[in-house]
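The values are calculated or read from the model by the stated rules, or taken from the named source; none is laboratory data. Note that the structure is a prediction, hence the values are computed from the model and not measured. Cβ placement follows ideal geometry from the backbone for every residue including glycine, while neighbour counts extend to all protein chains displayed.
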Amino acid sequence: MQDGTDVWALIVHGGAKEMEPAEEEANRAGVLQALAAGREILERGGSALDAVEASIRVLEDLPAFNAGRGSMVNEQGDIEMCAGLMDGRDLSAGAVGAIRRVRNPIGVARRLMEEKEVLLVGDGALKFARDNGLPLAGEEELRAAAEKQSLLEGAHDTVGAVALDQGGNMAAGTSTGGISGQKVGRIGDSPLPGGGLYADNHVGAVSFSGDGETIARLALASRVMASLDDGVDMEQAIAKAVAKLPGTGGAGADGGGIGIRKDGQVGWAHNSPHFVVALVTSDMAAPRAFLRKTEEA
């Protein structure tokens, strides 16, 4: 993508998971709301990084998603969240792991991008948020409703966004409320560059959701970037990566990914029962949202 174009693209996801029919409307509406927040920034010439952060903030604020306000509880009944953000212009990244009592983990990750450190965890991440005056939240505000906790027990899902702006710059981000009943201090793939996300203006940008431990072990985002470097299109690269999950993590290891190639090609794929996605580009008449890949046809 050349500098100075008016081409832009945005794709967001609300998690790779299995949903009940009663959840579908809120999930579809939520990803479209998140998409609208990022789209407004890109249409007026704003940065991909700002668009990704804005989109993920919306998803964190909606209790339908396992991030921010809809987070799962760990084995002690507490909320520990993770988030990561990466800028394709210079490969700068910011991430937080097992962070507690903050309203928007993605906002803490964004602020950390100004520092030398890439990843802060636990009490250190919370101290950084407090020291920088970032919004805090109580456990009750963040905890998902009891029926959602029960429904998603043992499940894994994450929210994310990927953007290309009019200057040809790319960004990717993720945020998650973790796995219900997870061990205290658990960190999955979501905040890890090369694991759950990556962005490089010279290649593309991706964001994943799914079995976090297996995604981390496979360095799934790095695999997609390597495939793109070899000339594979975005959707094929993601599908190829996701297909490796069960072979490494077992039959229950599934997930999904979204991405944009440097030339603006948007793609997504999943092997989970549902993968909530919304996308829009500068040449589309209207945004589109899907609960699974088969809806796209």
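State whether one or more residues within region 200-207 are at pLDDT 95 or above, under 15 Å from Leu10 (Cα atoms), within 12 Å of the chain's Cα centre (by Cα) and of a type in the set (A, V, I, L, M). Yes: one or more hits. When we screen Glu75, Glu43, Glu25, Glu60 for residues that are in contact with a Gly (Cβ under 7 Å, 6 or more places away or on another chain), of a type in the set (Asp, Glu) and modelled with pLDDT of 95 or more, the only hit is Glu60. Only one entry in Gly178, Gly168 is at pLDDT 95 or above, in a loop (DSSP other than H, G, I, E, B) and at positive phi, namely Gly168. Within region 247-265, can one find any residue that is under 24 Å from Ala54 (Cβ atoms), within 18 Å of the chain's Cα centre (by Cα) and surrounded by fewer than 24 Cβ atoms within 10 Å (Cβ to Cβ)? There is at least one residue in region 247-265 that is under 24 Å from Ala54 (Cβ atoms), within 18 Å of the chain's Cα centre (by Cα) and surrounded by fewer than 24 Cβ atoms within 10 Å (Cβ to Cβ). Assess whether Arg69 counts as being among the basic types (Lys, Arg), modelled with pLDDT under 95 and closer than 25 Å to Glu24 by Cβ. Yes. Restricting attention to region 233-275, the residues that are more than 23 Å from Thr5 (Cα to Cα), outside any loop (DSSP other than H, G, I, E, B) and in contact with a Ser or Thr (Cβ under 9 Å, 6 or more places away or on another chain) add up to 15. Residue count for region 26-78 under the criterion of being surrounded by fewer than 24 Cβ atoms within 10 Å (Cβ to Cβ), in contact (Cβ under 8 Å) with a residue 60 or more places away in the chain, assigned to a loop (DSSP other than H, G, I, E, B) and of a type in the set (A, V, I, L, M, F, W, C): the result is 1.
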